Amino acid sequence: MNVPWRWLIGGVVAAAVGVWVVSLWLPTWLAGPRPGSTPSATTLPGDPAAAESRRINASLFYVSASGDGLVAVDREVVYGATPAAQARRIIEAQLAAAPEGQVSAIPAGAEVRALFLTSRSEAFVDITAPLSTNHPGGSLHESLTIYAIVNALTVNLPDITAVQILIDGHEVDTLAGHIDLRHPIRRNTQIIR
Amino acid sequence: LQKYDGGLALRLVIVGLLALVASSTGARTQEPASYRVVTTDGSRPLPVHASTGTTDIVTLDAAARLFGLVVRDDPRAGGVVVSAGNERVVLTAGQATVSSSGRLVSLSAPVTRSGSTWLVPVDFLRALNRGIDVRRGSKLIVVAPAVVPRVTPRFERTATGGRLVITLEPGATTRVTREGSIVSVRVQANALDVEPLSGAPADLVASMRADDASLLFELGPSVTNVRGDDGRDQTRVTIDLIGAPQPAAPPTAQAPPVQLDRPPGIRTIAIDAGHGGEDAGARSPNGAIEKDVTMIVAMRVKALLEARLGVRVVLTREGDANITPDRRAALANNSKADLFISLHANGSPVAALRGAQVLSLAGQDYAGVEGAAPRTDAPAVPVPVVGGGTRTIDAVPWQLAQLTHVNASATLAGITAQRLAEAGVVMHPRPVDVGPLRILVGANMPAILIELGVLTNADDATALAQASYLSVLADAIVTAISDVRLGIPGSGGGGQP
């Protein structure tokens, strides 16, 4: 069969145009700016600068005036784009210094190392060693420390039903000898005054 | 008839005279018995000068001769200084506390002076810090490194006869041998501290006696064969007594099932002095440390329990050692303790908070944990026995043993908090509470954790540094235990979350 060479060239050009339309132009056109918006105002998920500027209100937990429980205090917390990111932001705020007039139950120097969620609605919060090594002891103080962390997550993020605290990436028996940390801990509303 | 009456009268006179002699002999035997001091070199007696009912009093001279103590009067302080090696103990007449190398140690009775003789409660010897273990119930004083296991023999009825289960605390190497009708359990120890055997039928076990470091059982006439398990588990020896077939009972006379459990009532109590070693626990601004406070109260509670209730008390730590929670629970479980009392002192970020608190395990905190679901049947696990075959034992998940006792533990917590309050102890705003307490969850008996006070509070810290206040705490705890000595009311043994 003898094909004229101009038909061959025309076919190749048409195919190239088709590939360009399907792979490059069409997606751009479909994802183009919506009416009334400008590209500079778009907030894309995971954009750090935008996320840092956005905040939510969350209940954080500090020691009650009587000293035998916790009180919930509304505070602004940096927005997290995913549940895990939001959970981490909340715990970072809970571990930070207490606001004026409040007393933190968290020992100095404790920081979040990692946080991940499981399909069983449990959060695993990995915190640095000072949470344990700097703990002043006593079952009451230990309870306040643990439930400040557990309640901060379970009260603000209802999808999280229990929290397991890890120290430097490892499962531990207790922080200071009293409260069993070998299993995920559930929310404790009895301790809230 | 007259002759017969005369003979009867003569016999009555003889019986009366014999009774008189026996009663006078009995009066002599009521004098306080001596303690047996066991060392690695043998044993020697320490005479008891007097017994007050709550403690035994010995003369300081006798103790000094036995233990090589140097005693020196201190007229300025109105007391006496006892030196033993590097340890220096200061005793003051009328005081129930002594200063041992700067540390305050509580005694079960005050030190007194009768003329030139100093009289001290026998538990004074513990203050010497020379590894001296005073066991009032068995009138034994064990001087480390001598090993004197507490031996608890128990009889169980089996389908083929019976079984002797002998528990040793601490464990030791044992060897079971039989010579004729005598089965002996030789223990690698310096002596034995043996509890009596009860409930064994005479046709299987005619008698039991201890001979130095051996336990000797005289077999009854029904025993045809014996199988002994010696030494694989150093804390437990079992001896199966195979009996002759019993005649079948008449079909109409169906006997009630034999109750094989131990009789009700508290016989052994585990006292846990919280923290220890490098784990000091909470601290007070004035320097008091939780691990020291708990140890002093534990010793005091032990002395009072042994004196008042005559029960066996095991301490989860004897010195300043860091013991894991599982080891503490294991000691209580292996000792078949009826109660587990863990002593602690609290800390709070708010200095104003004070007061004692009694805690028990919150069963609901373990609801989602594997193995915590309520069971309707006791899981039985077959284990091999010496001589072939197997037997079944009930399996309790070690890490969740407390779950079946949470109701009883909560009741005990309430009783203890009430007794503390009645004794004048300032209580926490929530005197009773529950939590997922690591130290309690492995205890297979009613168990509570007592926070004796809040060390971060100045008033509580001052009180907890006073021997008199620690005695009040110990006394209230012992009173609470005395309340439940025949069983914890309304517990029913249940309590699954």
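Number of residues in segment A:151-186 that are farther than 21 Å from B:ILE439 by Cα, without any contact (Cβ under 8 Å) to a residue 60 or more places away in the chain and touching a Lys or Arg at 6+ places or on another chain (Cβ under 8 Å) equals 5. Within segment B:392-402, one or more residues are within 24 Å of A:ILE191 (Cβ to Cβ), modelled with pLDDT under 85 and touching a helix residue (DSSP H, G or I) at 6+ places or on another chain (Cβ under 7 Å). Pairing residues of segment B:326-353 that are under 30 Å from B:ASN286 (Cα atoms) with residues that are assigned to a loop (DSSP other than H, G, I, E, B) and among the charged types (D, E, K, R), at Cβ distances under 6 Å and at least 6 apart in sequence or on separate chains, gives B:LEU353/A:ASP68. Quick check on segment A:68-80. Is at least one of its residues within 14 Å of another protein chain (Cβ to nearest Cβ), over 15 Å from the mean Cα position of the chain (by Cα) and at pLDDT below 95? Taking every residue of segment A:68-80 in turn, at least one turns out to be within 14 Å of another protein chain (Cβ to nearest Cβ), over 15 Å from the mean Cα position of the chain (by Cα) and at pLDDT below 95. Of the listed requirements (1) aliphatic (A, V, I, L, M); (2) surrounded by 21 or more Cβ atoms within 10 Å (Cβ to Cβ); (3) farther than 22 Å from B:GLY276 by Cβ, B:VAL426 misses just one: (2). Look at (1) farther than 17 Å from B:GLY243 by Cα; (2) not in a loop (DSSP other than H, G, I, E, B); (3) not basic (Lys, Arg) and you find that B:VAL165 fails only one, number (1). Among the residues of segment B:127-150, those identified as β-branched (Val, Ile, Thr) and either touching a Lys or Arg at 6+ places or on another chain (Cβ under 9 Å) or free of Cβ contacts under 8 Å to residues at least 24 places away in the same chain (or both) are B:ILE132, B:VAL134, B:ILE141, B:VAL142, B:VAL143, B:VAL148. Tallying residues that are touching a Gly at 6+ places or on another chain (Cβ under 7 Å) and part of a strand (DSSP E or B) within segment B:144-161 yields 3.
Exactly one residue out of B:GLY414, B:GLY487 is more than 11 Å from chain A (Cβ to nearest Cβ), without any contact (Cβ under 8 Å) to a residue 60 or more places away in the chain and either touching a helix residue (DSSP H, G or I) at 6+ places or on another chain (Cβ under 6 Å) or surrounded by fewer than 20 Cβ atoms within 10 Å (Cβ to Cβ) (or both): that is B:GLY414.
Selection of segment B:87-126 for residues being within 16 Å of B:ASP320 (Cβ to Cβ) and either in contact (Cβ under 8 Å) with a residue 40 or more places away in the chain or of a type in the set (S, T, N, Q) (or both) yields B:GLU87, B:SER100, B:SER101, B:ARG103, B:LEU104, B:VAL105, B:ARG126. Filtered by the rule that a residue be of a type in the set (Gly, Ala, Ser), within 26 Å of the chain's Cα centre (by Cα) and loosely packed, with under 13 Cβ neighbours inside 10 Å, segment B:31-77 gives B:GLY42, B:GLY53. Pairs are defined by a Cβ separation below 8 Å, a sequence spacing of at least 6 or placement on different chains, a first member in segment B:273-294 that is within 10 Å of chain A (Cβ to nearest Cβ) and buried (at least 21 other Cβ atoms within 10 Å of the Cβ), and a second member that is hydroxyl-bearing (Ser, Thr, Tyr) and in a helix (DSSP H, G or I); the pairs so defined are B:GLY274/B:THR294; B:HIS275/B:THR294; B:GLY281/B:THR294.
Checking each residue in segment A:136-193 for being in a strand (DSSP E or B) and more than 11 Å from chain B (Cβ to nearest Cβ) picks out A:VAL163, A:GLN164, A:ILE165, A:LEU166, A:ILE167, A:HIS170, A:GLU171, A:ILE192. The set of residues in segment A:84-109 being in a loop (DSSP other than H, G, I, E, B), of a type in the set (A, V, I, L, M) and either loosely packed, with under 15 Cβ neighbours inside 10 Å or away from chain B (no Cβ under 14 Å) (or both) consists of A:ALA96, A:ALA97, A:ALA108.
The values are calculated or read from the model by the stated rules, or taken from the named source; none is laboratory data. Since we're looking at a predicted model, the values are computed, not measured. Note that we place each Cβ from the backbone using ideal geometry, even for glycine, and neighbour counts take in every protein chain shown.
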